[in-house]
Amino acid sequence: VKQSPLGAGGEFDLIRRILAGAGTGPTEPWLQSQIRAGPGDDCAVIRDGIAVSVDMSVEDVHFRRDWLEPSEIGYRSAAAALSDLAAMAARPIGILAALAVPRREADLAAGIMEGVAAAAHDSGAALLGGDLSRSPDRVVLDVVALGHAPNPVMRSGARPGHSIWVTGSLGGAAAAVAAWEQGRSPSAAARQAFARPTPRVAEAAWLRERGVLHALIDLSDGLAGDASHLAAASDVGILLDTALVPVHPAAAEGHPAAALRLALHGGEDYELCLAAPAGAIEALAEQFRQTFQLPLTRVGSVIRGSGVALRAPGGSVAPAGAGGFDHFDGSEP
Ligand SMILES: [Mg+2]
């Protein structure tokens, strides 16, 4: 099965170990012919361009129940799964949701599923099915997203000389989490970014139609970490200009270095990061901004080499290093 290499990090070391243990996958020719993309991209893609992804949300890992309304727990989880469809430039078809809640929490379950259905509706997807279970104490929600991508945009198409662009602005969701963790209430804009992210499905389709998407990923772990996956899959390096990174207004309220850290390493923005030939997007960017009321910003370039480097305004270059969200980084929260 076609696998795409991932970037550095404990979570991704564990995925590499699991995939190594799984062997080389099916060798039967019919089965091989059904699979166009396997592990390591945003979705698996099977023949005729059916794209599938799965995304899990665990209480006290991805959210706290006192931060969000039940419907928001459902909305953001489903939006995260749908964002992986956007990351292949796939058109959503439907979602399936498996939910576990503590006993006697029927209203909680109903509220969460109301949010799941709303996110599906907002992206033009149907609710196709699911599963409901009792949980000992925590909420666990697992969402499968199904879409159609006859010409999926993979992570592997970035080439030296391409430009790196991102949609929207970054660090808003992380600013909300930082506020809650410091015992403050996040601003309305930060809370919105965390609780009701918008999968960039229409934006990806618009860019794909114009032939400018050579590589694509969604920003779930933070720009630095997700760019490292794009770099690894494409066997290139990525140089990000820190002065160009569009910082979300809610993240920009603090010290500039802290704001940049939220934007580069915060995660859960669910914006898109793409590679396009140099000069290909400049002429489209203003039309994009007017169509979607959303920034489209060049943040760096693809270079020979590997990994992600940051170029400061003075010109000094340093490896981006760790700092994205990593479930298995070995440190305790
Ligand atoms: Mg993704």
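The values are calculated or read from the model by the stated rules, or taken from the named source; none is laboratory data. Everything quoted here is computed from the prediction, not taken from an experiment. Don't worry about glycine lacking a Cβ; one is built from the backbone with ideal geometry, like all the others, and counts go over all protein chains shown. Surface areas here come from the heavy atoms of the whole protein model, side chains and all, with no ligands, DNA or RNA. Shrake-Rupley method; radii C 1.70, N 1.55, O 1.52, S 1.80 Å.
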* Asked: Where Lys and Arg each count +1 and Asp and Glu each count -1, what net charge lies around G49 among other residues with Cβ under 12 Å from its Cβ?
  -> +2
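Got the relative contact order for the chain handy, in percent, Cα pairs under 8 Å and 6 or more residues apart?
Numbers: 785 pairs, mean separation 72.7, N = 333.
Relative contact order for the chain comes out at 22 percent.
Can you pull the semi-axes for segment 206-333, root of five times each eigenvalue of the Cα gyration tensor, sorted largest first, whole Å?
Working: eigenvalues 109, 64, 46 Å².
Ellipsoid semi-axes (Å, largest first): 23, 18, 15.
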* Relative contact order %, segment 174-240, counting alpha carbon pairs below 8 Å whose residues are six or more apart -> 17
* Asked: Per the Debye formula with a single identical scatterer at each Cα and no solvent contribution, what log10 I(q)/I(0) holds for the chain at q = 0.07, 0.12, 0.13 Å⁻¹?
  -> -0.27, -0.82, -0.98
* To do: For segment 146-291, report the accessible area per residue in Å² (1.4 Å probe, heavy atoms, rounded to an integer).
  => 36
* For S123, what accessible area in Å² do you get when you roll a 1.4 Å probe over the heavy atoms of the protein chains, rounding to the nearest 10? -> 20
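Size of the dipole of segment 213-269 about the Cα centre, Lys and Arg at +1 and Asp and Glu at -1 on the beta carbon, nothing else charged, in debye to 20? Could you put the intermediate results ahead of the total?
Values: 1 positive and 8 negative charges, 33 e Å.
So the dipole magnitude of segment 213-269 works out to roughly 160 debye.
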* **Cα-centred dipole magnitude for the chain, charges only on beta-carbon of K, R (+1) and D, E (-1), debye, nearest 20** => 640
* Can you tell which of A125, A243, G10 lies farthest toward the positive end of the dipole of the chain, using +1 and -1 charges on the Cβ of basic and acidic side chains (Lys, Arg; Asp, Glu)? -> A243
* Residues in segment 252-293, backbone N under 14 Å from the label point at R210 (7 Å along the Cα-to-beta-carbon vector): list them, ranges by number please. => 274-293
* Asked: Mind checking which of G21, G300, G266 has the largest fluctuation in a GNM of the chain, springs on alpha carbons under 10 Å?
  -> G21
* Asked: Which value, in Å² and to the nearest 10, is the accessible area of R196 when all protein chains are kept and the probe is 1.4 Å?
  -> 80
* Once you sort the root eigenvalues of the Cα gyration tensor of segment 69-226 as a ≥ b ≥ c, which label holds: rounded (a/c under 1.5), prolate (a/b larger than b/c) or oblate (the other case)? -> oblate
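Based solely on its DSSP helices, what 222 nm [θ] is calculated for the chain when runs of n ≥ 4 H residues each add -39,500 (n - 2.57) and the sum is averaged over all residues, nearest 500 deg cm²/dmol? Don't jump to the answer; show the numbers that get you there.
Values: 10 runs with 112 residues, N = 333.
So the helix-based figure for the chain works out to -10000 deg cm²/dmol.
I'd like the antiparallel share, as a percent to the nearest 5, of DSSP beta bridges with both residues in the chain.
Numbers: 43 of 59 bridges.
In the chain, approximately 75 percent of DSSP beta bridges are antiparallel ones.
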* So, in nm, how far is label A283 from label S133 when the simple model puts each one 7 Å beyond its Cα toward the Cβ? -> 5.3
* Structure fact -> Of H162, H121, ordered by accessible area with the largest first and a 1.4 Å probe, the sequence is H121, H162
* Asked: How many nm separate the modelled label positions at A258 and E105, each set 7 Å beyond the Cα in the direction of the Cβ?
  -> 3.1
* Asked: Where Lys and Arg each count +1 and Asp and Glu each count -1, what net charge lies around R184 among other residues with Cβ under 12 Å from its Cβ?
  -> -1
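Restricting to segment 208-333, what percent of DSSP beta bridges are antiparallel, rounded to 5? Numbers along the way, then the final one.
Values: 11 of 16 bridges.
Roughly 70 percent of the DSSP beta bridges within segment 208-333 come out antiparallel.
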* Separation of segment 128-181 and segment 250-264 by C-alpha centroid, Å? -> 21
* How far is the Cα center of segment 221-249 from the Cα center of segment 190-207, in Å? -> 18
* Could you tell me what percent of the accessible area of the chain is made up of carbon and sulfur, with a 1.4 Å probe and every protein chain present? => 54
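At 1.4 Å probe size, with every protein chain present, just tell me what the per residue accessible area of segment 1-91 comes to in Å².
Working: 4300 Å² over 91 residues.
Value returned for segment 1-91: 47 Å² of accessible area per residue.
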* **Listed residues L96, L170 arranged by accessible area, highest first, probe 1.4 Å** => L96, L170
* Obtain the nm distance between the two label points defined at A22 and D235 by a simple spin-label model: each point lies 7 Å from its Cα along the Cα-to-C-beta direction. => 2.2
